[in-house]
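Derivation of every value follows stated rules applied to the coordinates shown; laboratory data play no part. Keep in mind it's a predicted model, so treat the numbers as computed, not measured. So basically every Cβ, Gly included, is an ideal-geometry build from the backbone, and we count neighbours across all protein chains shown.
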Amino acid sequence: MGEYLIVDGYNIINDWPSLKALFSENVEAARDKLIEIMAEYRAYKGINVMIVFDGHRVKDNPGSSSHVKGVHVVYTKEQETADSFIEKSVARLAKNALVRVATSDWAEQQVILALGGIRVSAGELRGLVEGCNRDIKQRIAGRSADSINTVDGSLSPEVARKLQKWLKEP
């Protein structure tokens, strides 16, 4: 059984202060930053991540789908909302997998639950991402402390005693 996290892209961007500020300056940069954050989360958690961005108001938009850093990135086509795409995806995937959907849209959360998915608010997702970042930093800090190359860890007790004796001699 696989595990999926489907992210309502613009909903999350507009909820997270750092992404919202970036979005007001550069829409593409905000999307790229969210993709980067979710790619790191995906790599750490070992789950499938899909980010869906609304393209329904863009005239003659055919939509697109690609993989960026292991994350499935979807831009919906004209007349197709991110919500409808997410709902279809949950209906399809929830039959054989655990599916979480990150959105703070209350109505969308209710539909997701009815389809067999699990809702994750934007704030909860931010907390999950921050928790993973803390875990990564702790692992790196622990690894560097464990990997200090010391001689005493590889000496036999007899050789260690002799060296201690030599150190004490004048």
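Brief remarks on what is shown
- Of the residues V101, N61, Q164, the one whose Cα sits farthest towards the positive end of the charge dipole of the chain is Q164 (charges of +1 on Lys and Arg Cβ, -1 on Asp and Glu Cβ, taken about the Cα centre).
- Restricting the stretch 1-79 to chymotrypsin sites (Phe, Trp or Tyr not before Pro) in coil, as DSSP defines it, with at most 14 other Cβ within 10 Å: none
- Counting 0.36 nm for each residue step from A91 to N14 and taking away their Cα separation leaves a gain of 25.2 nm.
- Residue among I136, I13, I86 with the largest mean-square fluctuation in a Gaussian network model of the chain, springs linking Cα atoms under 10 Å: I136
- The chain, Cα convex hull volume normalised per residue, Å³: 170 Å³
- Calculated FRET efficiency for the pair V27/R134, C-beta based, R₀ 35 Å, to 0.05: 0.75
- The stretch 23-75 and the stretch 89-108 have Cα centres separated by 16 Å.
- Trypsin sites (Lys or Arg not before Pro) within the stretch 57-99, DSSP loop, no more than 12 other Cβ atoms inside 10 Å: R57, K59, K95
- Compared with the alpha-carbon gap, the fully stretched path from R57 to L113 is longer by 17.5 nm at 0.36 nm per residue.
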